[in-house]
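Please read the structure below before turning to the comments.
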Amino acid sequence: MKKILIATLAAGAMVVSLAACSQGGSASEDAAGGGALVGVAMPTKSSERWIQDGKAVKEQLEAEGFKVDLQYAEDDIPTQVSQIENMITKGAEALIIASIDGTTLTQVLQDAADAEIPVIAYDRLIRDTPNVSYYASFDNYKVGQQQANSVLNGLGLVDLEGEPVDGAPAGPFNIEMFAGSPDDNNATFFWDGAQDALKPFIEAGTLVVKSGQTDFEQAATLRWDGETAQKRMENILTSSYSDGTKVNGVLSPYDGISRGIISALTDAGYTTGEEWPVISGQDAELDSVKAINSGEQFATIFKDTRKLATAAVEMTVAVLDGGKPEVNNEKDYDNGEFVVPSYLLDSQIVVKDNVNDVLVDSGYWTEEEIG
Ligand code: BGC
């Protein structure tokens, strides 16, 4: 039934686009997309990066001649599932999905497969389903290494590439560690990359995790929520630092979590300057870039959402053309059913010294926005 409906819609779309052509149709409708609908499911508008992602994917799909149904689910899993169901019903010919919980889309993606709709997993791997065509993301293990290296760099132990520096201080430095949402496949990749970079320094006694909370489960932050992170940081400061010792570094996997950590530190009486800890982040969100300039946050990881959008749109075009998109990783992203062919992009560490070079010169933020 669904297939008939889709075939009818597709035939209708062809008639419409042929009609548009014969009337000298618009450039975009003559392009690859030919007016076909693509559903784009994003997790939440509460984080700036996903707004940037949605905007970039929509603009680039439209430039290719597609129509776009862009939806945000405010981090609510049933909402995301029903948004995707809706896209299928509306006759979407492809889906681009940044999942909330990567394990909850198995049934709806079976429906997509039954309707022969290809699915691109966007930034976050979709797990436990054979019905994902391709995955576009960043090298998430490397992102984790960069987060750890930025903390180590702020403490004077390595350069920004993670290479040891001459005359590095012996420490010991107190650090605490945060991880992302346990239902997001990326969170473990970030954590593993970071742990591999930090481990030698912990084993050598240069770094001490004073709270003793060194497991992913202890460090995880459900839904990447800043307030959850703030509470955990407050608890750690009370339980492990009320003897007057200071925390010198905090591994944070996302700018929103970093902002929660900063609030906890400020409330506990820390002030920026001498004894303020080195804090990492991710996503180059505007408030956090400002916090880097003011010295509250040491670093963030810049992942250019415009390039990720391009990768996902190119995959969509190739799949709908019956071709094979370019991939550069066919080993690391096993979703529990199979290794999903992936295209992984590079990320960059941003510190105060290179804010302008990396973020302003590339046009990601303007000088006025950063302030
Ligand atoms: C993304 C990060 C982002 C986090 C929270 C992850 O899946 O890869 O860039 O910081 O979600 O939104």
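The values are calculated or read from the model by the stated rules, or taken from the named source; none is laboratory data. Keep in mind it's a predicted model, so treat the numbers as computed, not measured. In this analysis, Cβ positions are derived from the backbone assuming ideal geometry, glycine residues included, and neighbour counts consider all displayed protein chains. Accessible surface is based on the protein model in full, side chains and every heavy atom, while ligands, DNA and RNA are left aside. Shrake-Rupley method; radii C 1.70, N 1.55, O 1.52, S 1.80 Å.
From the Cα gyration tensor of the range 66-118, with a ≥ b ≥ c the square roots of its eigenvalues, which class applies: rounded if a/c is under 1.5, or else prolate if a/b is larger than b/c, or else oblate? It would help to have the intermediate numbers written out before the result.
Numbers: a/c = 1.91, a/b = 1.25, b/c = 1.53.
Verdict is oblate for the range 66-118.
Ignoring any ligand, DNA or RNA, what whole percent of the accessible area of the chain comes from carbon and sulfur when the probe is 1.4 angstrom? All intermediate terms of the calculation are to be shown ahead of the outcome.
Details: 7800 of 15710 Å².
For the chain, the apolar C and S fraction of the accessible surface comes to 50 percent.
Label points 7 Å out from Cα along the Cβ direction at Thr266 and Ala63: separation in nm?
3.8 nm
With the cut-off at 1.5 for a/c, could you classify the range 134-197 from its C-alpha gyration tensor as rounded, prolate or oblate? The partial results should precede the final answer.
Numbers: a/c = 4.00, a/b = 1.88, b/c = 2.12.
The shape class here is oblate.
Between Lys231 and Leu286, what is the label-to-label distance in nm when each label sits 7 Å out along the Cα-to-Cβ direction?
2.9 nm
Give the angle, between 0 and 90 degrees and rounded to the nearest 10, that separates the Cα long axis of helix 2-22 from the longest principal axis of the Cα atoms of the chain.
Tilt relative to the chain: about 80 degrees.
5 Å is the cut-off here: which amide hydrogens, built 1.01 Å from N in the peptide plane, fall below it relative to Ala94, excluding neighbours closer than 5 in sequence?
Under 5 Å from the amide H of Ala94 lie the amide H atoms of Gly39, each far enough along the sequence or on another chain.
Determine the sum of side-chain charges near Gln348: Lys and Arg each +1, Asp and Glu each -1, restricted to other residues whose C-beta is under 10 angstrom from that of Gln348. Display every interim value, and only then the final one.
On the way: positive: Lys303; negative: Asp304, Asp346, Asp357.
Computed value for this residue: -2.
Ile117's amide H: which non-local residues (gap 5+, or another chain) put their own amide H closer than 5 Å, with H modeled 1.01 Å from N in plane and none for Pro or chain starts?
Those lying under 5 Å, H to H, from Ile117: there are none.
Can you tell me how much longer the chain between Glu217 and Lys199 gets when fully stretched, taken as 0.36 nm per residue apart minus their C-alpha distance, in nm with one decimal?
Taking Glu217 through Lys199 to full extension adds about 4.8 nm, to one decimal.
Could you sort the peptides 73-86, 284-297 by per-residue average Cβ neighbour count (10 Å cutoff), highest mean leading? Kindly include the intermediate steps, with their values, before the conclusion.
Numbers: 73-86: 17.3, 284-297: 19.9.
So the order, starting with the most tightly packed, is 284-297, 73-86.
State whether the range 213-371 is rounded, prolate or oblate according to the following rule on the C-alpha gyration tensor (a ≥ b ≥ c being the square roots of its eigenvalues): a/c under 1.5 gives rounded; otherwise a/b larger than b/c gives prolate, and the remaining case gives oblate. If you can, show how the numbers build up before the last one.
Details: a/c = 3.14, a/b = 1.61, b/c = 1.94.
The shape class here is oblate.
State, to one decimal in nm², a quarter of the convex hull surface area for the C-alpha atoms of the chain, i.e. the direction-averaged projected area. Could the numbers behind the result be given before it?
Working: hull surface 78.0 nm².
For the chain, averaging the hull's shadow over all directions gives 19.5 nm².
Per residue, how large is the accessible surface of the chain? Use a 1.4 angstrom probe and give square angstrom. Display every interim value, and only then the final one.
Details: 15710 Å² over 371 residues.
In whole numbers, the chain has 42 Å² accessible per residue.
Hey, rough spin-label estimate for Thr79 and Thr103, points 7 angstrom out along Cα→Cβ, what's it come to in nanometres?
Between Thr79 and Thr103, the label points sit 2.3 nm apart.
Does anyone have the angle between helix 255-267 and the longest principal axis of the chain? Alpha-carbon axes, 0 to 90°, nearest 10?
30 degrees
Any idea what the relative contact order of the chain is, in percent, if you count C-alpha pairs under 8 Å spaced at least 6 apart? Don't skip to the answer; put the middle values down first.
On the way: 728 pairs, mean separation 59.3, N = 371.
Across the chain, relative contact order equals 16 percent.
Rank by packing, highest mean first: peptides 102-109, 310-317, with packing defined as the count of other Cβ atoms within 10 Å averaged across residues. The partial results should precede the final answer.
On the way: 102-109: 19.5, 310-317: 24.5.
Final packing ranking: 310-317, 102-109.
Full extension from Asp353 to Glu163: what is 0.36 nm times the residue separation minus their Cα-Cα distance, to one decimal in nm?
Working: separation 190, 0.36 × 190 = 68.40 nm, distance 1.84 nm.
Additional length available on full extension: 66.6 nm.
Would you mind checking which residues have amide H under 5 Å from Tyr343's amide H? H placed 1.01 Å from N; only 5 or more apart, or other chain.
Amide H neighbours of Tyr343, under 5 Å, 5+ apart: Tyr135, Ala136, Ser137, Asn328.
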